[in-house]
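Taking it in order: structure first as structure tokens, then the write-up.
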Amino acid sequence: MIKLTVSTILVIISFLLVVLFIFFMYLLVQRQRESYFEKVRDRYLQNYSQFWYDYLFNNALFSIVLVPRGSAQVEAIEKIFSSYLKNIRNEQVELKIKQFSNQYLKAFYEKDLSSKRWSIRMNALYRIADLQIDELLTKCQEFEKNNITDEEHFQLLKIYSLFQPDLFMEKIKNSNVNYAESEYRRLFILLDDNVFIRFFHDFNSLSAKMQFAVIDTAAVKRNMEYLDELKKLLHHDTPEINIRALKGLYEIGIIDEMDSFVSFVTSEMWEARLMVAKIFKHVPLTYTYSYLEQLLQDENWWVRSQAAKTIVEDGHGIAKLQQFIESSNDQYAIEMAQEIAARKEGK
């Protein structure tokens, strides 16, 4: 058993008190620094927010007093710029912000990219993209050579997509990082249409997640030129691609011909039959009723329900369902038609 003398215990206590004192002083200094930082930032916001508004929106002359001196004032400018960029779409304002950022903020973010702290590096990457600091593109490419995280790599891809689409296409196809569909969609939605459509031209070389993200993004973009590309995918060998393409065409909501969809009425995949029943909402009932009548008698409850809902949306839909109820021998289909018709009439 170890015996401690009184003097030894006093030494240990003294040492711990010194450590606690140093730690307390460190926290005090850090808090003072944070307080000073916040005061400088808030003072800048208070003194110059109106100057920024006049310069950006009222074409006032640029004043050198707006140029930041230190990181606190840079953060104040970030707040001002972020507020405008998120809430207002104005090309002239965006151009002024881009020009200012490339001239006066570039050095701050270039320095931050070399920081040992991940949060500071990530903030710099976010700001480079948001503020369109394209003069740091070369620096970003050099930064990529470091041992970076997946999150940093993702943000670099976003920067490339904004500043140099050809480089973005090269990087994302050869990337060793396998992102989620949602992350790919976040990247693709930023692309100009003439760049994004290139993914369709090289569709089969993409990973499954990228393929799904391309289809879903096309649906969100709702561009007419994607109609033909999505219709081509209806003949793809992968069933999930067929279903996604059908869903994308439904979301776009423009059906210019029927032939591409008729075969899916008898598809072995109930999801495909369901999507066709939805797609027929965008086509006059005169052309689709015979197919919807067939889907109304489908073995799958969801397909029957959707077929009835599509029929009833037409001006003559309730009459068509009543006619079906009187002539059909399919009890399940009759009950579905009665339920949907009653629900529609009850509105």
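The values are calculated or read from the model by the stated rules, or taken from the named source; none is laboratory data. From a predicted model like this one, the values you see are computed outputs, not experimental measurements. Neighbour counts are summed over all protein chains in view; Cβ atoms, including those assigned to glycine, are modelled from backbone coordinates with ideal geometry. Note: accessible area is taken over every heavy atom of the protein model, side chains too, but ligands, DNA and RNA are not part of it. Shrake-Rupley method; radii C 1.70, N 1.55, O 1.52, S 1.80 Å.
Here are the numbers for the structure shown:
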{"quantity": "Dipole magnitude of the stretch 1-127 about its Cα centre (Cβ charges: Lys, Arg +1; Asp, Glu -1), debye to nearest 20", "calculated": "320"}
{"quantity": "Accessible-area order (highest first, 1.4 angstrom probe) of the listed residues TYR332, TYR48", "calculated": "TYR332, TYR48"}
{"quantity": "By average C-beta atoms within 10 angstrom, highest first, the peptides 83-89, 5-11", "calculated": "83-89, 5-11"}
{"quantity": "In order through the stretch 12-26: 3J(HN,Hα) via Karplus (6.51 cos²θ - 1.76 cosθ + 1.60), integer Hz, x for Gly, Pro", "calculated": "4, 4, 4, 4, 5, 5, 4, 4, 5, 5, 4, 5, 4, 5, 4"}
{"quantity": "Residue of PHE15, PHE188, PHE154 that the Gaussian network model of the chain assigns the largest fluctuation, springs spanning Cα pairs under 10 Å", "calculated": "PHE15"}
{"quantity": "C-alpha center-to-center spacing [the stretch 81-143, the stretch 8-44] in angstrom", "calculated": "33"}
{"quantity": "Long-range amide H partners of ALA60 with built H, under 5 Å", "calculated": "TYR55"}
{"quantity": "Total charge dipole magnitude, the chain, about the Cα centre, Cβ charges on Lys, Arg, Asp, Glu only, Debye to nearest 20", "calculated": "2040"}
{"quantity": "Relative contact order [Cα under 8 Å, 6+ residues apart], the stretch 26-151, whole percent", "calculated": "19"}
{"quantity": "Zone of GLU268's modelled label, taken as backbone nitrogen in the stretch 280-315 under 18 Å from a point 7 Å along Cα→Cβ", "calculated": "299-300"}
{"quantity": "Computed accessible area, ARG43, all protein chains, 1.4 angstrom probe, square angstrom", "calculated": "130"}
{"quantity": "Residue-wise HN-Hα coupling along the stretch 84-92, computed from phi with Karplus coefficients 6.51, -1.76, 1.60 (Hz; x: Gly, Pro)", "calculated": "6, 5, 6, 10, 9, 9, 8, 4, 5"}
{"quantity": "Accessible area of LYS79 in the full protein assembly, 1.4 Å probe (Å², nearest 10)", "calculated": "100"}
{"quantity": "For a label point 7 Å along the Cα-to-beta-carbon line of TYR104, residues of the stretch 21-54 with backbone N under 16 Å", "calculated": "41-54"}
{"quantity": "Cut-off of 10 Å, at most 16 other beta carbons, DSSP loop: longest stretch of the chain lacking such GluC sites (Glu not before Pro)", "calculated": "1-224"}
{"quantity": "Cα centroid separation, the stretch 315-347 to the stretch 204-235 (Å)", "calculated": "36"}
{"quantity": "Segment MET122-ARG89, length gained on full extension (0.36 nm per residue, minus Cα span)", "calculated": "9.4 nm"}
{"quantity": "Length-normalised contact order of the stretch 81-193 in % [C-alpha pairs under 8 Å, at least 6 apart]", "calculated": "20"}
{"quantity": "Helix-only mean residue ellipticity at 222 nm for the chain, each DSSP H run of n ≥ 4 adding -39500 (n - 2.57), per residue, nearest 500", "calculated": "-22000 deg cm²/dmol"}
{"quantity": "Accessible area of the stretch 64-127 belonging to carbon and sulfur atoms, whole % at 1.4 Å probe", "calculated": "50"}
{"quantity": "Candidates GLN323, GLN50, GLN30, ranked by Gaussian network fluctuation over the chain, Cα under 10 Å, top entry", "calculated": "GLN30"}
{"quantity": "Of ILE172, ILE255, ILE13, the one that fluctuates the most in a GNM where the chain has Cα springs shorter than 10 Å", "calculated": "ILE13"}
{"quantity": "Phi to ³J(HN,Hα) by Karplus 6.51 cos²θ - 1.76 cosθ + 1.60 over the stretch 290-306, Hz, x for Gly, Pro", "calculated": "4, 6, 5, 4, 5, 5, 5, 9, 5, 6, 8, 4, 5, 5, 4, 4, 5"}
{"quantity": "Taking N as its residue count, the alpha carbon Rg of the chain over 2.2 N^0.38 Å", "calculated": "1.51"}
